[in-house]
Amino acid sequence: MKPETKKRIDQLNNGEIPDGYKKTKFGIFPCDWATIRIGDVSITNGKYGINAPACEQTGNLPKYLRITDIDENGRYSDNGAFVDDKDSINYLLKKNDIVFARTGASVGKSYLYNENDGVLAYAGFLIKFSIDPNKCNPYLLKANCTTTIYDKWVSIMSARSGQPGINAEEYASYAFVAPKSVTEQKKIAEVLMKWDEAIELYQQQIEKLSKLKRAALANLFPQKGQTTPKYRFAGFTDPWEQRKFSDLVLIERGGSPRPIDDYVTDAPDGLNWVKIGDAPAQGRYITKTAEKIKPEGLSKTRQVQPGDLILSNSMSFGKPYIMGINGCIHDGWLLIRDTQNRFDLKFLCHMLGTDQMLNQYRMFAAGSTVNNLNKELVGNTTVSLPSVEEQRVIGEYLESIDNLITLHQRKVDTVAKQRAVLQQYLLNGIVRV
């Protein structure tokens with residue numbers, strides 16, 4: 001960090017305004033920067049998308065960009081939707097176009113068209129602005145739509161009775177502070193784009209590993225009606241044993257002392273209270289909990305120990321997890337304990353998440369008024385298992401893929417945090433390029 005940059009940061013942290021900076025209603029910015037309104041830098045004042053049903057590809061149709069096809073990072077996520085409408089040609093996105101969600105829970109979500117995403121027609125719940133690159137760098141505008149200032153503006157502007165929403169005229173009024181020079185705007189955008197490219201490379205690796213994991217789960221476990229998988233590791237040839245799951249393991253539902261607030265405690269002798277939120281976003285092991293409950297609640301719950309598996313009993317079929325600590329589970333979890341030592345834990349954990357198992361859950365739950373897993377449903381499934389030695393090899397292989405995914409995700413998270421800090425400094429003019 002340059003000395004002058006550090007000095008500016010220190011001054012701002014002390015409530016001082018550095019030389020060459022001014023205080024505005026948006027914050028403290030360089031004196032040579034100006035306020036920019038979306039409507040003033042757009043060729044249009046906002047156009048609403050086409051109202052037509054999505055369809056599958058039949059011929060040379062444009063892709064259909066809907067609110068749900070824009071991910072949380074503002075990127076296009078191809079969900080295989082197309083639009084077959086004679087007017088769709090009038091709703092195709094072009095370079096320097098940015099769209100905004102105009103209603104619902106996603107209001108404020110934005111997407112800057114990337115020509116690499118293919119030919120896109122935008123749907124009716126999106127509003128398009130065509131940005132004039134001679135007045136404002138489109139990427140810089142998009143970056144200013146990912147700030148806390150923007151989020152507050154969306155929250156205020158969309159607050160209305162009934163469905164929250166922002167119309168084209170209101171989006172056109174959104175303003176931010178940026179360099180007057182489009183050349184400087186471009187330099188800021190180029191710096192942030194390089195960081196985006198680094199994040200994208202890690203995310204591409206995650207997607208490749210995720211595809212490898214899905215293929216492994218499909219091919220390393222037998223399909224329905226078969227006793228051997230499609231692919232096997234060297235040295236293993238024996239057919240897999242098929243058994244009713246409840247004949248091999250103990251399955252019990254969790255329980256909750258009520259009212260739970262009367263049992264939550266910060267005392268040192270509290271018991272780990274395992275909630276869905278304690279499950280890691282990456283990895284399979286639960287090693288800590290946010291809350292503990294009083295020991296007197298133990299008789300009304302289910303105790304789990306290291307080496308136990310727990311499975312969310314909702315029909316969302318949450319991933320199974322391996323307990324790395326002692327704790328207690330509420331009735332949103334099922335305990336699965338390998339009392340006969342027939343399973344390698346990593347193998348068992350991955351097996352419970354295969355399509356073969358999920359399909360059985362759905363089949364047994366079909367027609368039920370409440371689509372939840374229970375001990376009988378899970379216990380009635382048929383499982384295939386090889387020798388413990390082969391289980392161990394499969395489990396280690398799948399675990400190695402998970403570890404690589406976790407490693408790359410941590411890199412993404414680290415780089416994303418660094419980029420967020422840099423963006424804040426760049427968009428406020430604290431760091432000049």
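The values are calculated or read from the model by the stated rules, or taken from the named source; none is laboratory data. Just so it is clear, the model here is predicted, and its values are computed rather than measured. Note: ideal-geometry Cβ built from the backbone for every residue, glycine included; neighbour counts use all protein chains shown. What goes into the accessible areas is simple: the full protein's heavy atoms, side chains included, and nothing from ligands, DNA or RNA. Shrake-Rupley method; radii C 1.70, N 1.55, O 1.52, S 1.80 Å.
For Lys22, the residues whose modelled amide H falls within less than 5 Å of its own, excluding neighbours fewer than 5 places apart on the same chain, are Phe29, Cys31.
What ranking of Phe26, Phe129, Phe364 comes out by heavy-atom accessible area, probe 1.4 Å, highest first?
The most accessible residue leads, giving Phe364, Phe26, Phe129.
Longer than 31 Å from Cα to Cα, which of Lys2/Lys25; Lys244/Lys346; Lys244/Lys292 are they? Say none if no pair is. Where the Cα-Cα span goes over 31 Å, the pairs concerned are Lys244/Lys292. Accessible area per residue was computed with a 1.4 Å probe on protein heavy atoms; Ile276 scores about 90 Å². Annotation: Phe29 carries an accessible surface of approximately 10 Å², with a 1.4 Å probe and no ligand, DNA or RNA atoms counted.
Sorting Leu92, Leu352 by solvent-accessible area of protein heavy atoms yields Leu92, Leu352, largest first, with a 1.4 Å probe.
How high is the FRET efficiency between Arg337 and Lys417 when r is their beta carbon distance and R₀ equals 41 Å, given to the nearest 0.05? Let's see the in-between values first.
Details: r = 39 Å, r/R0 = 0.94.
Rounded to the nearest 0.05, the efficiency is 0.60.
Global size of the stretch 78-167: 14.1, 40 Å for Rg and Dmax (C-alpha atoms, Rg to one decimal, Dmax whole).
Here Tyr48 sits with roughly 90 square angstrom of accessible surface, probe radius 1.4 Å. Approximating the spin labels as points 7 Å out from Cα along Cα→Cβ, the Thr44-to-Asp266 distance works out to 5.5 nm.
Once you've got the Cα coordinates, tell me which of Lys152/Lys417; Lys22/Lys417; Lys135/Lys187 are over 23 Å apart.
Beyond 23 Å between Cα atoms: Lys22/Lys417.
Between the residues Gln282, Thr24, Asn73, the greatest Cα displacement towards the positive end of the dipole of the chain, with unit charges on the Cβ of Lys, Arg, Asp and Glu, is found for Thr24. Considering only Leu426, Leu398, Val378, whose Cα is most displaced toward the positive end of the charge dipole of the stretch 371-433, charges sitting on Cβ of Lys, Arg (+1) and Asp, Glu (-1)? Checked the options; the winner is Leu426.
Across the options Thr265, Ile251, Thr237, the greatest Cα extent toward the positive end of the charge dipole of the chain (unit charges at beta carbon of Lys, Arg, Asp, Glu) belongs to Thr265. For the residue pairs Lys7/Lys288; Lys186/Lys213; Lys63/Lys275; Lys213/Lys288; Lys224/Lys288, alpha carbon separations beyond 31 Å are given by Lys7/Lys288; Lys186/Lys213; Lys63/Lys275; Lys224/Lys288.
Between amide H atoms placed 1.01 Å from N, distances below 5 Å from Val304 occur with Gly327, Cys328, Ile329, all of them 5 or more places distant or on a separate chain.
Just so you know, the Cα atoms of the stretch 262-306 work out to an Rg and Dmax of 11.1, 33 Å. A full extension of the chain between Ser387 and Arg75 corresponds to an added length of 107.8 nm, given 0.36 nm per residue minus the alpha carbon distance. Averaging over all projection directions, the Cα-based convex hull of the chain occupies 28.0 nm² in the image plane.
Here the accessible area is traced with a 1.4 Å probe on the protein chains. For the chain, carbon and sulfur cover 50 percent of it.
Quotient of the Cα radius of gyration of the stretch 141-263 and 2.2 N^0.38 Å, N being its number of residues: 2.01.
Extension gain, Tyr150 to Asn380: 0.36 nm times the residue separation minus the Cα-Cα distance gives 77.6 nm. If r is the Cβ-Cβ distance from Arg214 to Asn372 and R0 is 35 Å, what FRET efficiency results, to the nearest 0.05? Plugging the Cβ-Cβ distance into 1/(1 + (r/R0)^6) gives 0.90. Ordered by solvent-accessible area of protein heavy atoms (1.4 Å probe), largest first, the residues Cys349, Cys31 come out as Cys31, Cys349. Between Lys86 and Val433, the C-beta separation translates, for a Förster distance of 51 Å, into a calculated FRET efficiency of about 0.65.
Segment Asp10..Val119, full-extension length gain: 34.5 nm, with 0.36 nm per residue of separation and the alpha-carbon distance subtracted.
Heavy atoms of the protein chains alone define the surface here; on that basis the chain has 52 Å² accessible area per residue at 1.4 Å probe size.
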